[in-house]
Amino acid sequence: MQGSRPAVEVVRLGLLSYQEALLLQRAYVDRHRSGPAHALLLCQHPAVYTTGMRHKPYPPAELDRLRLLGAEVHRTNRGGLLTFHGPGQLVCYPVLNLRSFKKSVRWYVCELEKTIVSVCSRFHIEASPSPHTGVWVGDNKICAIGVHCGRYVTSHGFALNCSTDLSWFGHIVPCGVEGKGVTSLSAELRRDVGVEEAIPHLLDAFRDQFNCQLTDGPKPGSDPVQA
């Protein structure tokens, strides 16, 4: 990356529905039409299962089975397969114009993986990428990654399990990877590690990995796009 360090706005959204997050991402993507307007959207979702572009359509009965568990189900235009989002999971949607960084989606995904590996190391957890994408602790995935990129503007992102109820993953084959498990910061450290504890480590790791400046966005409860 050349020139000055890009400024990235950090927007803390708290708990909001997956549909609301999709609408906000679209609004932030649209901001890039008039020039770089990089943002890092941080949130948690109520229980929801999402599928990516690579997933074959699920039979209606299968989707109904997941909904009967008390979760929403959404199809998305991100990469990756079926996964779960829920409370206790730090979901991060970077909306970046890669022209300000490096015009390579593969590079971008690798940088996200390195960011999460760095976050885990700050908790003294040894994690690594894998051919299955995402970040793993041994045979257990701790962070799922699925992105979309149009005209070099990114959306969707990653979900780091902090204190997530991992039993939700037992109803699916997470990300389509057979014979593997899931884990969380809390499970690895055998203590409660909430999203708020993880956020400062994520921001430090993201700033270092992407060589950017982070600025505070609108306060929770305000209109993050209009503020």
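Just so it is clear, none of the values below were taken in a lab; they were calculated from the coordinates. Values in this document were obtained by computation on a predicted structure and should not be read as measured data. Don't worry about glycine lacking a Cβ; one is built from the backbone with ideal geometry, like all the others, and counts go over all protein chains shown.
Brief remarks follow.
- Relative contact order (%) - the chain, alpha-carbon pairs under 8 angstrom, separation at least six: 25 percent
- Computed over every Cα-Cα pair of segment 1-120 and binned at 5 Å starting from 0, the pair-distance distribution P(r) comes out as 2, 9, 16, 21, 21, 14, 9, 5, 2, 1, 0 percent.
- Spin-label model, SER121/ARG191: points 7 Å from Cα along the beta carbon direction are separated by 2.2 nm.
- Rg and Dmax [Cα atoms of segment 130-179; Å; Rg one decimal, Dmax integer]: 12.5, 38
- Neighbour counting of Cβ atoms within 10 Å sorts the residues TRP168, TRP107, fewest neighbours leading, into TRP107, TRP168.
- Straight-distance crosslink candidates among aspartates and glutamates, where the alpha carbon sits under 20 Å from LYS180 and sequence neighbours closer than 8 are dropped: GLU113, GLU126, ASP139, ASP165, GLU188
- GNM flexibility winner over the chain from GLN19, GLN209, GLN89 (Cα, springs under 10 Å): GLN19
- Cα long-axis angle, helix 105-122 against the chain (0 to 90 degrees, to the nearest 10): 70 degrees
- Once exposed loop trypsin sites (Lys or Arg not before Pro) are cut out (DSSP; at most 13 other Cβ, 10 Å), longest piece of the chain: 1-53
- Residue separation of GLU62 and ARG26 scaled by 0.36 nm, minus their Cα-Cα distance, works out to 10.1 nm of gained length.
- Here TYR28, TYR108 are placed in order of increasing Cβ neighbour count within 10 Å, fewest first, which gives TYR108, TYR28.
- Longest exposed-site-free window of the chain, the sites being GluC sites (Glu not before Pro) in a DSSP loop that have at most 12 other C-beta atoms within 10 Å: 1-125
- Each stretch of four or more DSSP H residues adds -39500 (n - 2.57); spread over every residue of the chain, this sum gives -8500 deg cm²/dmol at 222 nm.
- Computed from the C-alpha gyration tensor, the three semi-axes of the ellipsoid equivalent to segment 7-216 are 25, 21, 16 Å, from longest to shortest.
- Using the Cβ-Cβ distance between LYS180 and LYS102 with R0 set to 41 Å, the FRET efficiency from 1/(1 + (r/R0)^6) comes to roughly 0.85.
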